[in-house]
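> Let me begin by handing over the structure; questions about it come next.
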Amino acid sequence: MPAIPAEIRAYLDDIVGVFTRSLGPDLTGVWLIGSAAQGVYEHGVSDVDVMVISATRHPREEREAVAGRIVHPALECPTVGLECVWYAVPDLVDMASPVVFQANVNGGQVRAPMIALEPDDQPQWWAVLDLAAARQVGIPLFGPPAAQVIPPIPGPRLRRAIEESHAFHDGPDEGSPNRVLNLARLIVLVEDGEWVSKPVGAQRLAQAEPEFAAALDAALRARAEGHWIDPTLAAGLSRRLADALNASDEYASDAFARDESRR
């Protein structure tokens, strides 16, 4: 399990403290996910991704108050942004579409503050992917391993989330370097059933398929420098992911049943 980056350790302790004080024994777990949980956190570039789960649902006023205690600048984020999503166990056992959350909190040195207390009408593919990834790579900050709390995500639901992510990154996000990097890691996910970070996905794909190396290198540089890229750089990778999905019509169960065995 990767070490928690020193630059965000105290900040994560503060987040856990807010939830333990606010929810008491109803708090089931808090996990670090995303790049910091996969050993590739880049301070000043990477977001801090945190998942929280409570045993029960909470009233709107309480959820709003808790979210207000962790949103930047009420709790100062030391890097570009926090992405913290709080779920309740009943909403994970009976997972609706879109996935219901208690609070979704964003904000930081670069990311604008945002608190949402229920999903909007946009596709919630990110929630499905985050929950599935947390089962495999989440680092417990409080509570048990995530796979003991988050039920397995049904394969067809996971596939639909990958397809929606693909469509999003080919649309509103088409000039973002994260489009290229996300495509790379989704190709690894579809074909190997393994959750990897964006940089690791780019590295693996560039080594296995050198024809994509130039686009992946350009995306990694642009991400580090904070600018967008020529959208055409992602075209080949987008077709590659579509081919991988088309080649895996039965893709649903085996790849993701392995998530706990990889821990």
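> Tell me, which residue of the range 117-148 that is surrounded by fewer than 19 Cβ atoms within 10 Å (Cβ to Cβ) and without any contact (Cβ under 8 Å) to a residue 40 or more places away in the chain is farthest from Gln102 (Cα to Cα)?
Gln148
> So, one more: Any chance you could count how many residues in the range 153-166 are in contact with a Phe, Trp or Tyr (Cβ under 7 Å, 6 or more places away or on another chain) and more than 18 Å from Ala244 (Cβ to Cβ)? If you could, list the steps in order and put the result at the bottom.
Just the residues of the range 153-166 that are in contact with a Phe, Trp or Tyr (Cβ under 7 Å, 6 or more places away or on another chain), to begin with: 153, 155, 158-159, 161, 164-165.
With more than 18 Å from Ala244 (Cβ to Cβ) added as a condition, the list becomes 153.
Residues in the range 153-166 being in contact with a Phe, Trp or Tyr (Cβ under 7 Å, 6 or more places away or on another chain) and more than 18 Å from Ala244 (Cβ to Cβ): 1 in total.
> Sticking with this one: When both residues are 6+ apart or on different chains and their Cβ atoms are under 6 Å apart, which pairs have a first residue that lies in the range 86-113 and is within 11 Å of Arg57 (Cα to Cα), and a second that is in a strand (DSSP E or B) and of a type outside the set (Phe, Trp, Tyr)?
Trp86/Val52; Trp86/Ala103; Tyr87/Ile53; Ala88/Ser54; Phe101/Val85; Gln102/Ala88
> Would you kindly identify the helices (runs of 4 or more DSSP H) lying entirely within the range 169-228 that contain at least 3 residues that are without any contact (Cβ under 8 Å) to a residue 24 or more places away in the chain and surrounded by 15 or more Cβ atoms within 10 Å (Cβ to Cβ)?
177-192, 198-208
> Could we say that Ala127 is modelled with pLDDT of 95 or more and in a helix (DSSP H, G or I) here?
Yes; evaluated as a whole, the condition is true for this residue.
The values are calculated or read from the model by the stated rules, or taken from the named source; none is laboratory data. Note that this is a predicted model, so its numbers are computed, not measured. FYI the Cβ positions are ideal-geometry reconstructions off the backbone, even for glycines, and counts take in every protein chain you see.
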